[in-house]
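The structure appears below as structure tokens.
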Amino acid sequence: MATAKGGEKLALRKPVFVKVDQLKPGTTGHTLTVKVVSASPVPARARGGGGVPAFAVGSRPARIAECLVGDETGVIVFTARNEQGDVGFDLHFTMCDASH
């Protein structure tokens, strides 16, 4: 449990789950559970002045995908990395932001 400056214990708040239709652009701190409906891979692109892509130096490139995720109230677009965007998976977002 977290402690405050004076050594007293802080009570943790239970998360308040929201549905997709309750999200508004520019709001923060949401917790929701959604299912991946579809995923489209985004091709890797080179960065910098040319030649070798920046991600190719000493590491494996991240697999990026634009995913359509949602619940029974609506769908949203989510940019997934690596195994996050596999179709049929349930995703749990904590403290996420809604942007335009």
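Full extension of the chain segment joining VAL42 with ILE64 gains 7.4 nm, where the gain is 0.36 nm per residue of separation less the Cα-Cα distance. Each peptide among 62-73, 89-100 gets the average number of other Cβ atoms lying within 10 Å of its residues, and from highest to lowest they stand as 62-73, 89-100.
Bear in mind that the values in this text are calculations on the coordinates, not laboratory data. All values derive from a computational prediction rather than experimental measurement. Ideal geometry is used to build each Cβ from the backbone, glycine not excepted, and the neighbour counts take in all protein chains shown.
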